[in-house]
Amino acid sequence: MKSDLYPKYVNPLLNRPDRPLPEEVAIIGAGTIGPDIGYYIKSALPGIRLVLVDIDEKQLQSAEKTIQGYVKKAIDKKKMKPDYAESVGANIVYTTDYSEIKNAELVIEAATENLEIKKKILAQIEAQVGENTIITSNTSSIPAARIFAEAKHPARTSITHFFAPAWRNPAVEVVTWEKSERSIVDYLTWMFCSTGKVPIVTLDRICFVLDRIFDNWCNDAALLLDEAIAPQVDQVAQEFVFAGPFFVLNLARGNPIIVETNTLQMEEGEHYLPANILRSVDSWVTLRPGEKLEIDSQKAEMIRDRLLGVLFSQSFDIINRGIGTLEDLNLGCQIALGFRKGPFDIIRDLGETKTENIISGFQKERPGMPGMESDYDSYQNFKRHVLVDEMDGVKIITIRRPQVMNALNDEVNMEILEVLKENESDPDVKGFVITGYGDRAFSAGADIGKFPEMLGDAGASVQYSRDCSLLLRHLDQFDKPVVAALNGLALGGGFELAIRCHKLVAAEQAWFQFPEVTLGILPGIGGLVVPYRRWPNSAKLFHDMIRQGSRMTAKEALDLGIVSALAGDYLELIEMAVREVKEMAGKPLPRIPDEPVEITALEPLEKPKAGKLTLSKEVVDIINKAIEEAAAKPSFEEALEVGYKAFGEVACTEGAKEGISAFMENRTPEFNK
Ligand code: COA
């Protein structure tokens, strides 16, 4: 992806920030979203001073209650340790006095969606803060050029658009506009990404990227009410989203917002006229969670085509006009708006003819609405799950699946493989770094969501292991250096990918684990084989990792020579990895030994445990046997086969059934019921 929206790096953590993380942040507006943004930022940076300003004392009191409620819930749910939670809740000033914000390094205005109010607040902010303070507005629709038209120092301004609930929803749009300095946009995206968010850069157009989707989706749902009722629309919509438009509008009390934002979009054409009914209805009668209606298939199809029509129309328009990128729009719809798949995934599933039929039918019904301006394939020409950057002649591949901690599936593996292949014979590319998005996870392993369908089917499970191994087998034989930059936890399949790279470097806080045994399965794509062949002296430790799920810290891995260096922060890590690649380039690369390996004996585990969790003995026995068998195999390839087969075997055990179900149901497994 090379887009004007990302002139240098797509992975925001590759940009060197021109200032540190803030120590003091102010938020103007203590309504719904203000306290939620405040709680997000305090939970990520508990040491900061947060100032929450509002003109209404009552609003401030209620904001304080909200934030303290979140803190309490986090402790109760064991999401935060009490000490940590205490600092999250502390050092927050709730005030009507603007002079309290004078030392803030970042001020986020999160007041009412009203241009005049926003401009007035901006003047009040600028009257208090220094020239270097970054000022942003949390608007879902009003362009920066209007809000900041009279700003004294527009270069330090931007839009930062959060999504509800802002403390948990990872998406945030950051708007680049003609007067904002690029370093401000880069800093904001870096800061958000460093604090657990997924920033998406957009052009300064009415409703930016994601609200063009959401608002028009809701508006067209409301227009459909001439022909269908709200619960029918919601039910059909649920094929594509977790909650239908009317359910969401009720939650957000969103009808007036759609009227307002669609009225604003009418500057682009009469076809954005808001549905009249949105002005007169306060709340919709729609489906209760879990409720199902009988809808005749013709009506369902009419609703489906109309909803997909508006979704596709807006998606094409955003891409046609360069307001956002394909990858950001596709991901943003999922993480910010609760779509089950991105619009371009749905378009891919439907194929060219069906997509064209839907969009042309929609344009007939809704004259003026945008459609495709390029051929179908050009809207599919992007990588969904990896970002690709270049630093010093080295390709940086960043796994970006924030919703599942960068878990791997066939598509991610294939995309990484494609990047390797696309650049294999390019003499200007010295090699590759593989890393994870954000600073928590390199990858939380194979996507467990895929497992239930394989349980009980040995053949499918063996095939799955082989398929997942395509990338890894390519790495084994690859002629250009690949370094894994372990920016955070690397679990299961994530660690299996890392250990197939020619070298590993890690962030100091990273840790590694094979948690499969706690799921009643085993690491079947090299995990039972590669560690022993590469680092035979650490066999005892690998036994514990694989059979009991014990963790290895980055420091331990360094001491054992598994990772070659540690870094204090993300950029340092990547730069270190780039140096490693350059050092290896053009030289013979380290290969995983083919020969059998003698390993420390696997002492039997009568009652295998991982911490307090009692494991399945049947599963651990399969693991023991496979490790021994694989170590003795005369070739690496044969040893890998042992791993694939053992995965097939384990997938048919009661342990696997229980372990995977427990993960999916978010409960502790009971292996010995
Ligand atoms: N596959 C699919 N989804 C995964 C995943 C994986 N390997 N690892 C994490 N996720 C998802 C979680 O289900 C959760 O989704 P939700 O928000 O829809 O509930 C989200 O990522 C965040 O994870 P969560 O568990 O809430 O975060 P945490 O900080 O409490 O714990 C982990 C982080 C990584 C320790 C925990 O998610 C975990 O144990 N994951 C499974 C790791 C594993 O067993 N990997 C090997 C697979 S073979």
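Coordinate-derived values only; no laboratory data. Computed from a prediction, not measured in an experiment: that's the story for all the values here. Quick reminder, even Gly has a Cβ in these numbers, built from the backbone with ideal geometry, and neighbours come from all protein chains shown.
Observations, loosely collected:
- Percent antiparallel among DSSP beta bridges (both partners in the chain, rounded to 5): 25 percent
- Built amide H within the under 5 Å cut-off of ALA610, gap 5+: LEU615
- Shape category assigned to the range 446-556 from the gyration tensor of Cα positions, a/c cut at 1.5: oblate
- Exposure proxy shown here: for CYS333, CYS652, the number of other Cβ atoms within 10 Å sets the order, fewest to most, as CYS652, CYS333.
- Taking the three principal axes of the alpha carbon atoms in the chain, the coordinate ranges are 75, 61, 56 Å, sorted in descending order.
- Remark on ALA446: its backbone amide H falls under 5 Å from those of LEU408, GLY493, GLY494, a criterion applied only to residues 5 or more positions apart or on other chains, H modelled at 1.01 Å from N.
- Our coupling estimate for the range 74-89, obtained by passing each phi through the Karplus curve with A = 6.51, B = -1.76, C = 1.60 and θ = phi - 60°, is 4, 5, 4, 8, 6, 7, 9, 6, x, 4, 4, 4, 4, 6, 5, x Hz, Gly and Pro reported as x.
- Chymotrypsin sites (Phe, Trp or Tyr not before Pro) lying in DSSP loop within the range 349-449, provided at most 13 other Cβ fall within 10 Å: none
- In the chain, Cα pairs under 8 Å separated by at least six residues give a relative contact order of 9 percent.
- Bridge type composition, the range 12-203 - antiparallel percent by DSSP, nearest 5: 10 percent
- Near ALA565, the amide H atoms lying under 5 Å from its own belong to ALA506; only residues 5 or more places off or on other chains count, and H is placed 1.01 Å from N.
- Looking at the range 452-591 alone, DSSP beta bridges between its own residues are antiparallel in about 25 percent of cases.
- For the range 92-109, 3J(HN,Hα) per residue [Karplus equation, 6.51 cos²θ - 1.76 cosθ + 1.60, θ = phi - 60°, Hz, x = Gly/Pro]: 10, 9, 9, 8, 9, 9, 4, 5, 5, 8, 4, 9, 5, 8, 9, 10, 10, 7
- Remark: the range 610-623, residue by residue, has Karplus-estimated 3J(HN,Hα) of 10, x, 8, 7, 7, 8, 7, 5, 4, 5, 5, 5, 4, 5 Hz, where x stands for each Gly or Pro and the curve is 6.51 cos²θ - 1.76 cosθ + 1.60 at θ = phi - 60°.
- Shape call, the range 491-623: gyration tensor on alpha carbons, a/c limit 1.5: prolate
- Neighbour-count order for HIS161, HIS385, HIS474, fewest beta carbons within 10 angstrom listed first: HIS474, HIS385, HIS161
- The convex hull around the C-alpha trace of the range 386-664, projected and averaged over every direction, spans 13.1 square nanometres.
- Arranged from fewest to most other beta-carbon atoms within 10 Å of their beta carbon, SER180, SER374, SER564, SER443 become SER374, SER564, SER180, SER443.
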